[in-house]
Structures are given as structure tokens and as C-alpha cells.
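> Pasting a structure here, questions to come.
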Amino acid sequence: MDERKPFDLDAYIRSIAEQPCFICKLVDRDPAFRHHVVFEDDETIIFLSKYPTLRGYCLVCPREHLEDLADLPRRQYLDLQAHVHRLSGVLKTLFGAERIYVLSLGSQQANSHLHFHVVPLPPGIPLEKQQYHALMAENGILDIPEAEMEAMASKIGAAYAAL
């Protein structure tokens, strides 16, 4: 398991409560909200987490600012889930994952844009460090160099496109 660096959760919570929707800003290509994009089309964007707790940690989001699954028309929901499914297979293969975690998180108070976390759990992680523990930034985040993040996004994106 990669070593994690401490994460200032209080500062993060303050910043997300005060800033505009980071996903909408990413979609609009605001440089202050840049992330490593893996895939995008007219309805969906997939990108690497800026605060990964595991390698290959991605977010799958509708491009349109929707805040609840009930806001999605059925076809758009199924299309979004098809991306989650396709990405899960890519991450499982590329990272030799024991399991793929999929969660929809967010709040009306911050990070309200609907998004799914799709995260590969590498083999060999002790049970007590799996599941929520593996995903919680307060347990630390990976310090992955920019060039490595860029290469990872390209590798995932190429495998995703090849399917």
C-alpha cells in the first residue's frame, strides 16, 4: 500500500463550502479547477481525484449540473452507469484490483454536483484498511507527482477508449 501524506480535512471542508461547483468549473475549463481528465463526451466527464487515497481513483459525473439521481432522466442515468461499469473493468484490469468501490457522495452544502467515485482496491490491503478506511481522506492522501498523474490519466483513458 502506498504511503499517504496527511490531509487537512477542516481546510478542505471550508474551501468546498465557499467555492463554486468544482465539477462545473472543470467542465468550463477553468484553470483553477483543473483535474486530469480520463474521458469526456457530450454528457459525461471522468477524471482522476485531486485527493486520491488509492491509485486510479476516478470520478464519473454528468457534465450538466444535476444534484440528485432523481434529477436524471432514466436514459441519462443508465448511460452514466454504463460509464461507471466500463471504467470499473478498465481499473480492475490496469490496477489488478481486488475490488472496485463505487459510491455516490456529495451534499447540498458542498460538492452538490452528482458524481460517482470509482476506486480500485489493490490486492493485499489488510481488511481493517479496506472499505471506508481506504477511501477516507482524513486517513491521508497519496502524494502522486503531476507527471505520474498525467501518465495515469492517459493510460486509463487509452484503455477506456479501446473498449
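The values are calculated or read from the model by the stated rules, or taken from the named source; none is laboratory data. The model shown is predicted, which means the values in this text are computed figures rather than measured ones. No Cβ is skipped: glycine too gets one built from the backbone with ideal geometry, and neighbour counts run over all protein chains shown. Side chains are part of the model used for accessible areas, which takes the heavy atoms of the whole protein and leaves out ligands, DNA and RNA. Shrake-Rupley method; radii C 1.70, N 1.55, O 1.52, S 1.80 Å.
> Let a ≥ b ≥ c be the square roots of the eigenvalues of the Cα gyration tensor of region 1-49; is it rounded (a/c under 1.5), or, if not, prolate (a/b larger than b/c) or oblate?
Oblate.
> What does the net charge come to around ASP79 if you take all other residues with beta carbon closer than 15 Å to its beta carbon, with K and R at +1 and D and E at -1? Each step should come with its number before you reach the end.
Working: positive: ARG63, ARG74, ARG75, ARG86; negative: GLU40, ASP41, ASP42, GLU43, GLU64, ASP71.
Result for the local shell: -2.
> Is region 103-163 best put as rounded, prolate or oblate by its Cα gyration tensor, with a ≥ b ≥ c the root eigenvalues, rounded for a/c under 1.5, and otherwise prolate when a/b is larger than b/c, oblate when not?
Oblate shape, in that a/c is at least 1.5 and b/c is the bigger or equal ratio.
> Moving to a separate point now. Please sort by residue number the GluC sites (Glu not before Pro) in region 86-163 whose DSSP state is loop and whose Cβ has at most 13 other Cβ atoms within 10 Å.
On the way: sites: GLU98, GLU128, GLU138, GLU146, GLU148, GLU150; in loops: GLU98.
Counting only loop positions with at most 13 other Cβ atoms within 10 Å, the GluC sites (Glu not before Pro) in region 86-163 are GLU98.
> Around CYS61, under 11 Å between beta carbons, what's the net of Lys plus Arg minus Asp minus Glu among the other residues? Don't skip to the answer; put the middle values down first.
Numbers: positive: ARG63; negative: GLU40, GLU43, GLU64.
Charge balance near CYS61 sits at -2.
> With a probe of 1.4 Å, find how much accessible area region 57-111 has per residue, and write the answer as a whole number in Å².
The answer is 56 Å² per residue.
> Something else: Using alpha-carbon pairs under 8 Å, 6+ residues apart, how would you state the relative contact order of region 13-52 in percent?
25 percent
> No other cysteine beta carbon under 4.7 Å away is the test; run it over the chain and list who passes.
Within the chain, the cysteines lacking a partner Cβ under 4.7 Å are CYS58, CYS61.
> Please report, as a whole percent, how much of the solvent-accessible surface of region 97-156 comes from carbon and sulfur atoms (probe radius 1.4 Å).
53 percent
> Using Cα-Cα distances under 8 Å and only pairs 6 or more residues apart, what relative contact order does region 1-128 have, in percent?
With pairs under 8 Å counted, the relative contact order is 25 percent.
> Based on Cα positions only, what radius of gyration and what Dmax would you give for the chain, in angstroms?
15.2, 41
> Quote the charge dipole size of the chain about the Cα centre in Debye, to the nearest 20; the model charges only the Cβ of Lys and Arg (+1) and of Asp and Glu (-1).
I would put it at about 400 debye.
> Excluding residues fewer than 8 places away in the same chain, name every one of the lysines whose C-alpha is closer than 22 Å to that of LYS92.
The qualifying lysines are LYS50, LYS129, LYS155.
> Can you compute the modelled spin-label distance between ASP41 and SER154, with each label point 7 Å from Cα toward Cβ, in nm?
2.4 nm
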